[in-house]
Amino acid sequence: MRQSIRDWFDERVGLDIFERMLQKPLPKRGAWFYTLGSATLTLITLQFITGAFLMFYYVPDGEFAESSIRYITEQVRYGWYLRSMHRWSANLLFIVIGLHIFRVFVSGSFKRPREMTWIIGAFIFWTVIGIGLTGGLLPWDSNAHWIGTVFGNTLSYFPLVGRFLRSALLGGEHVGTLTLTRFYALHVWVLPLVLGILITLHLYLIRKHGLFGSVIEYRDQIRALEAQGVRRESIIVTKMTPDETEPFYPAQVFRDSIIAFSLITLVSLFSTLFPFSPYRGEEPPPTRIIPRPEWFFWSVDEWLMYFPGKLIPIGLVLITLFFLFLPFIPFVERHPEVSPIRRPVSTIIGAWVYLFIIILAMMAGARIFNY
Amino acid sequence: MNQTAEEPIGRRHFMERAILSIFGAIGVMLTPPILGYILSPVFRIREDLSQSTRWAPVAPVSEMETVGDLPRTFDVPYRVKEGWRVRETSRQVYAVRKGGELALFSTFCTHLGCPTAWDDAKRMVICPCHGGLYNNFGEVIGGPPPRNLASLEYKVENGVVYLKDPANVYEVGWKDPRKRA
Ligand code: HEM
Ligand code: FES
């Protein structure tokens, strides 16, 4: 019976493709680090689900946004829970993505033939930042207003196109009626659509190449290259034998499931213990509004602070170049080895960049909370 | 993919060109309306801006006369036309007496636009965002702000001080929309 159902579908859908995908070999070593990608996917899925349900009540209008959020948190059954899930999961997502990028960088997994996987990953990263930024405005409380203002004015410092960028994004010179609907459209539809397409491509490429390490299938090509006199050092490959790998299903799916379960439990726990109320803390009197960016923008905020007066555009251009540089890493870091120990320069630079970002964020945090 | 005998190279070429042209034409047809649609608020050519407040009352002259050389904060309510809506809102301005003359200046930090506040104890205008500091006349004395707080135009009419163009909140880059309307 089960076999006949399977065959029915196989004939019409082509199950063998999916079965082959599940059988794709993965390296056994370091397999827990490979769960970071699927952990990211778990949280993104959670964002899509909780976000879709927030849309049932949220109204993207300057007059009603705040009230509708208040209604969600205070009156809709489990509204506070879904909203807090959405926010906590977003926060966790930035940490998990950071770890995923770090593991991919350290293990040299962005090298040939996986450059495109990395490039798509960098685009994904930009998109996620965009979603986080546009989402920050939707509560439309005074903090949201100032986040938007600071962001718009930051853009306005770009040489030549700055003011145009600010107006194009805010829908006018300042944060107002037209800003909210734009950010809403970007946050709930445009950017998630882009993200969905990019993630699909990302996953396709991962399945095409197999995870880093499981490159046994390239062995013949390497022999051929060597026979042509190409030096072995310039051919990137790892020494994996079949007994060092195992199929994706069930071992890796099992690990991924455990991680997914732990993450969702964690988000749920945080949401229950520390739910987000419509007002972050006390409602400050108008003269004492202290705008607070989301923590994942703290390092950028801190960085820009070190470029006062006429230097502001320089700080802005530098940090933009940093983000624009991400997709090019596979073409700059071309060391033949993948092992982090055997390419110490990249490993050290990578670690320093992460440390630098974390220190900047911590300094910003200290400044913001001591003010 | 295979070139058949009945399909000469010319025909294939033609179709390849045609496919490119077709998609090019689709792009050309769709791009201008989409861009125009998204950027419409930037150009605001068809907006009726007469509904924004031109001159907003700040305070009676008698009250302004009590202002000394330390800035005092005033709340200025005004209307602003934004797309399809006329919004009632308000902003704050500082008033200070400078060389015997009344001066109004903006509370918005010239760095990234955060709302500053006069600190009585420290005798400075302080920006909460990145610690921009200004003196009592709104001149930068520390932190990242590139310029002094914007001084604002005002007029006195019938014993009331009016602020010009209150909707011009971030003097950085403001263009008077009425010139296009
Ligand atoms: C929404 C965000 C993302 C999702 C859902 C995602 C998902 C995944 C998954 C499921 C894997 C396979 C498992 C693993 O290696 O952990 C993976 C691998 C990979 N990811 Fe991502 N990823 C995301 C963002 C990124 C970013 C931002 C980058 C880099 C800039 C990146 C670069 C890579 C690379 C190069 C691989 C291949 C690793 C290998 O073959 O060993 N990903 N990703
Ligand atoms: S916005 Fe005032 S110092 Fe940055």
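Values quoted throughout were computed directly from the atomic coordinates according to the rules given, and no laboratory measurement underlies them. Being a predicted model, the structure only gives us computed values, none of them experimental. Reconstructed Cβ throughout: ideal geometry from the backbone, glycine too, with neighbour counts over all protein chains shown.
Structural remarks
- Residue-normalised convex hull volume from the C-alpha trace of the range A:85-195: 125 Å³ per residue.
- Over 29 Å between alpha carbons, listed pairs B:LYS81/B:LYS155; B:LYS122/B:LYS155; A:LYS310/B:LYS155; B:LYS81/B:LYS122: B:LYS122/B:LYS155; A:LYS310/B:LYS155; B:LYS81/B:LYS122
- Between the range A:185-212 and the range A:14-65, the Cα center-to-center distance that results, in Å: 10
- Taking A:GLU74, A:GLU302, A:GLU19 in turn, the Gaussian network model of chain A (Cα-Cα springs below 10 Å) assigns the largest fluctuation to A:GLU19.
- Top of A:VAL267, A:VAL175, A:VAL300 by mean-square fluctuation, Gaussian network on chain A, Cα under 10 Å: A:VAL300
- Around the amide H of B:VAL58, modelled in the peptide plane, lie the amide H atoms of B:VAL161, B:TYR162, B:LEU163, all under 5 Å away and 5 or more residues distant in sequence or on another chain.
- Extension gain from A:TYR204 to A:LEU311, taking 0.36 nm per residue of separation minus the Cα-Cα distance: 34.2 nm
- Tail fraction, Cα-Cα pairs, chain A, threshold 40 Å, whole percent: 24
- Volume per residue that the Cα convex hull of the range B:11-51 spans, once the total is divided by residue count, Å³: 52
- Loop-located chymotrypsin sites (Phe, Trp or Tyr not before Pro) across the range B:54-160 with a Cβ neighbour count of 16 or fewer within 10 Å are B:TRP84, with loop assigned by DSSP.
- Chain B: most fluctuating residue of B:LEU39, B:LEU112, B:LEU30 per GNM, C-alpha cutoff 10 Å: B:LEU30
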